[in-house]
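Just below is one structure, and these are the notes that go with it.
Please treat every number below as a calculation from the coordinates, not as lab data. Predicted, not measured: the structure shown is a model, and the values here were computed from it. Quick reminder, even Gly has a Cβ in these numbers, built from the backbone with ideal geometry, and neighbours come from all protein chains shown.
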Amino acid sequence: MSINAIKDILLDRNKLIQISKIAFNSADTDNSGSIDENELGEILIKFATNFNREPPTKEEINEVMRHLNGDESGKITFNEFIFLIKDILYAMLEIK
């Protein structure tokens, strides 16, 4: 994904939601309608692998879960997930 495409997504809420839905549905492997800690770990590991980074530790995954899980349900809702996608897109801008 190009820098301009990433910036375009970050500036266009509809595009951000569209991309987030695709990613959320892919990450929600049990089709529960939410992302649990295992599914979150898989997302973060894939991201790290794709960008030649060290995979996150269990503690780092727990920290991300606590950061995103505003309602403290132990699961990430779609609205909470959008923040993760934004963070990943901003990280992609820094890496490129």
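Brief remarks follow.
- Cross-chain or 6+ apart pairs with Cβ under 8 Å, region 79-90 first and touching a residue at least 40 places away in the same chain (Cβ under 8 Å) and loosely packed, with under 14 Cβ neighbours inside 10 Å, then part of a helix (DSSP H, G or I) and not small (Gly, Ala, Ser): Tyr90/Leu10
- Helices (runs of 4 or more DSSP H) contained in region 1-77 and holding at least 3 residues touching an Asp or Glu at 6+ places or on another chain (Cβ under 8 Å): 37-50, 58-68
- Residue in region 2-13 that is among the polar types (S, T, N, Q) and surrounded by 12 or more Cβ atoms within 10 Å (Cβ to Cβ) present: no
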